[in-house]
1. Given H placed on each backbone N at 1.01 Å, which residues far from residue 160 in sequence or on other chains put an amide H within less than 5 Å of it?
2. Indicate the gyration tensor shape class of segment 236-309 (rounded, prolate or oblate), computed on the Cα atoms with a ≥ b ≥ c the square roots of the eigenvalues: a/c under 1.5 is rounded; otherwise a/b larger than b/c is prolate and the rest oblate.
3. Please list 218-224, 573-579 highest first by mean number of surrounding beta-carbon atoms within 10 Å per residue.
4. Ranked by Cβ crowding within 10 angstrom, fewest neighbours first, how are 255, 492 ordered?
5. When P(r) over Cα pairs in 10 Å bins from 0, in percent is calculated directly from the model, which label among (1) 2, 10, 15, 18, 18, 15, 11, 7, 3, 1, 0, 0; (2) 2, 11, 17, 17, 14, 13, 11, 8, 4, 2, 0, 0; (3) 2, 11, 17, 18, 14, 10, 7, 7, 6, 4, 3, 1, 0, 0 fits?
6. How do 420, 165, 382 rank when sorted from fewest to most other Cβ atoms within 10 Å of their own Cβ?
7. Which whole-angstrom value gives the distance between the alpha carbon centres of segment 513-543 and segment 169-245?
8. Using each residue's phi in segment 367-376, evaluate 6.51 cos²θ - 1.76 cosθ + 1.60 at θ = phi - 60° and report the 3J(HN,Hα) Karplus result to the nearest Hz, with x for Gly and Pro.
Amino acid sequence: MINNFEMEIGGRLLKFEHGRVAAQAGGAITVQYGDTMLLATATASKKPRPGADFLPMTVDVAEKAYAGGKLPGGFFKREGRPSTEAILASRMIDRPIRPLFSKTIHNEIQIIVTILASDKVNPYPAIGIIGASTALAISDIAFNDPIGACVIGLVEGELVVNPTYEELLTSDLELLVAGTGEATMMVESGGNFVSEAVLLDALELAQEVNGAIVEQIVEIQAKVGKKKWEAPAVSDEEKTAEKATRSLVGEEFLKVLKSPGDKATRQGRMDDVMDGTIEKLSVDHDPGHVKSALYALETEAVRSTILEDGSRPDGRKLDELRDLNSEVGYLPRVHGSGIFTRGETQIMGVLTLASAGERQRLDTYGLETEKHFIHHYNFPPYSVGEAGRFGFTGRREIGHGALAERALKPVVPSQADFPYTIRLVSESLASNGSTSMASVCAGSLAMMDGGVPISSPVAGIAMGLITGENGKYAILTDIQGAEDHSGDMDFKVAGTRDGVTALQMDIKVKGITFEIMSQALEQARIARLQILDNMEKTISSTRDDLSEFAPRMLSLKIPTDKIGAIIGPGGSVIRGMIDEFGVTIDVQDDGTVVVGSPDRENAEKAEAAITALTKDVEVGDKYTGRVVRIMPFGAFVQILPGKDGMVHISELSQNRVPDVESVVSIGDQLEVMVINVDGMGRIDLSHRALLEESNEGGNGGGDAGPRARGGDRGDRGGDRDRGGDRRGRGGDRTDRGPRRERSDDRGPSSERNDRNDEGSTDRGPRRPAGGYDGGNRRSGPPRRR
C-alpha cells in the first residue's frame, strides 16, 4: 500500500511517500522538496557484532549523475568514490543521529541516502537528514527520537528558511540545524561576519521549523511504522564487572588527572592503571566489560573534577586559554607558511599560489561550477603519538578541512581582485584537541605571510560543555582531547573581530538551552579576540609583496568580441603566446584575462601582446614584425600574434627592388607602418614609409633602406628615361589604358598567394594612389620627371 504525506516548509511542499519502493529494507521512504527527490533506507543486522563495544553504524550518501541529467565522468562512465559534498552530507546525517541511540546497541546499522533527482534549486543535505530520520523511525530498529533539519539563510537582512541555491549565492548566512522536537543536536554554519545575536535568532527559528518536521515524522511512524525491537539492557555480568572495577580503581583516575605533566605523561599513567586493572580482573570478568567500565570511570573522573572542583586536567580555569604561539615564514621557497601552537596542539599552514586557470572545477548539483580557494587538512598518526594508516584521506580529514575552508572563505579576495588560485594545506603536527580551529589560525598566518590581501585574520576556538544534575553546567574554553571525549558538547566557533564566519556544534545530550548557547558564544568571542591579539603580534597585516617564488599574475579586461582574436583558429594564437612568453593565460567569458608567469617581465610582455591584439589596427600605427611568408609580389609580416599584413614589393625600399628575397627573408624582423586597412580587415604595410619619414627627419640624409643583395648596381645615371613605352613603373600610361581597379574581394591576408598565379610576371594589383597618409604620392617608386 502506498501512503503519501506532505507539509509546507519555506513556501514549498515537503512530500513523503512510503510503500512504492525498497520494500525489503528495514525502513524506506522517498522525500521530495521541489523537484529534488531522494530515497532514504535504514537497515540493521539481526544480531550484535561480536566484540563490539560501540555503535557500528555507517551512513552513505549516493549522488547519482542521472539525478542532474548528466553522464558520469571518466573512462568507465560510472559513479566512483563519493564526492566531497556527498561525504560532508554523510557526516551531517551521522552526527545528530548517533547520540540518540542506546549505548547498549551493537548491531550493525546502515543508512543509505540515494539522490534520485535534483532540480538545481533545492539543496539536498537537510532533506537527507529528514529522510534518514524518517527511515529509522518507521523501521524496526530501536530508534525512538526522530529529528528534523532545515537551513536558515540571511538574505538582504531577513532570515529565510531553506534558501535556494541561487539565494545562497548572496546569503550572509548558511546555518544547517538538526534537532529533536525539544533540543538542537547539530549545527553546521558558514557566514559573512554574522553577529552572535543573529546566530541565536536563526537557531531559535530553526528549532521551531524542526519541531514541526518531527511532528510530521511521528505521524508517519504512527501510520506505517514497524514494531521495533528493544535495545538490550545492561547485563548482570557487565554490572558485576563495573562494580569490581570501581572498587579496585577507586580514585586512581582522579589522582592521575590531577597529577602534573603533559598529555603523554598523564595518558601513560592512565594506561598503567587500566592495564593493571584488566590484568587483575580478567580472571573473573570479561576483559571487554572491564575495559568499558574503565572508560566510563575515566569520563566520570573528568566530569566530576570540572563540575565539583572547577578544575581541568591541565589545571586551567574554565575560561582560560592554553599557551599560544604564532610563527610565520618557517618554510623556505614555499609561497607562504605559518605555524600556530595552542598548548599541545600544533598546526602548520602552507600556502601555494597558482594561475587562475588552475581553479578547481566542481561537478555538483548546485550552481557553483568552480572555486579558486581550496583548503586541505591532513592528520597523520604521529600527531597523536601513534603508528597507523597513512596516505588515505578519511572522512574526518575532509570534514575538518571543509570547516576551516568555510571559516576562511569570507576574508579571501575575489579572483577579480587577486587573480590567483589559492591552496592552503594544514598539516597537523601535534594534536590535543581542536586541530580544525588551529588550522583556521595557521591558514590566516600563512596567507598573510604569503601576501594574500585577506580583509582580516580569522581565528577559531573550540568550546566544551559539562552538564550535571539540577541544571548545573560548566562551559569550557579551548577544550583538549580528554574534555572533548568526556563532554556533552563540542562547539567550534571561528571568526574575525567583526563577527562569526563558521560555526559547528555537536551535542551529545538533550536539554541544551539557548541561554547556554548564548553564554558559550560570548565566551568564544572573548577567546577569539585573545587569539587574534596573539596572531597580530607576530604579523599584523598582509605582507606588501608576494614571495619571490610565487608566480606573477596580471589581470586585464578586454571586450568580449575580441576573445576570438586572443584564442585564434583552433587556439593557435593563445598557444603561440604561451610558448613564446612562457606564461599561462586564462580567458574568461566576461572578457577577464589573467596572465601568469614566474617572471614578471614575461607576464608584462604577454600582457602587452594581448592588449595589442585587442586594439584595432589603424593607419599610421608602427610595428616591428616578423616576415612569415614571401611571395613574388611582396612579403607577409606578422605584426601581432595571429595578425599579418602585406608589404608590397614596392613598399620594401626607397629604391627599386627586383626581387623580394633580395631584401628580406623569412624570419627577418622588419619595421613597418600600416598604410591601409580595408573593409575586410586586411592590412597593407610599408617599410618604405618609415625610411622616408626617417630621411625627412634627418633633412634627406641617412640610410636609404635595404638594398638589393646583388651588390653595387653602379651609376644609374641621370638620363634614364622612364617615360614612353617602358613597361616598368612610372612613365607615360597613355598606351596602357586605365589603371587596373583594385578588387575588394582579396580574401584574408594569409591567403593572398594567388597574386602571382600561373607564373605571371605581374607583381600583383597596384595600390591606389595616396599611400599611407592620403597625399598624392604613388604607391610605387617616385616617377622621375
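Laboratory data are not the source of any read-out in this text; all were calculated from the coordinates shown. Predicted model, so just to flag it, every value in this text is computed and none were measured. Positions of Cβ are backbone-derived with ideal geometry, glycine not excepted, and every protein chain shown enters the neighbour counts.
1. Amide H neighbours of residue 160, under 5 Å, 5+ apart: 153, 154, 155.
2. Oblate.
3. The densest-packed peptide leads the list: 573-579, 218-224.
4. In order of increasing Cβ crowding within 10 Å: 255, 492.
5. (3)
6. Arranged by neighbour count, lowest to highest, 420, 165, 382 become 382, 165, 420.
7. 27
8. Here the 3J(HN,Hα) series is 8, 6, 10, 7, 9, 9, 10, 10, 10, 10 Hz.
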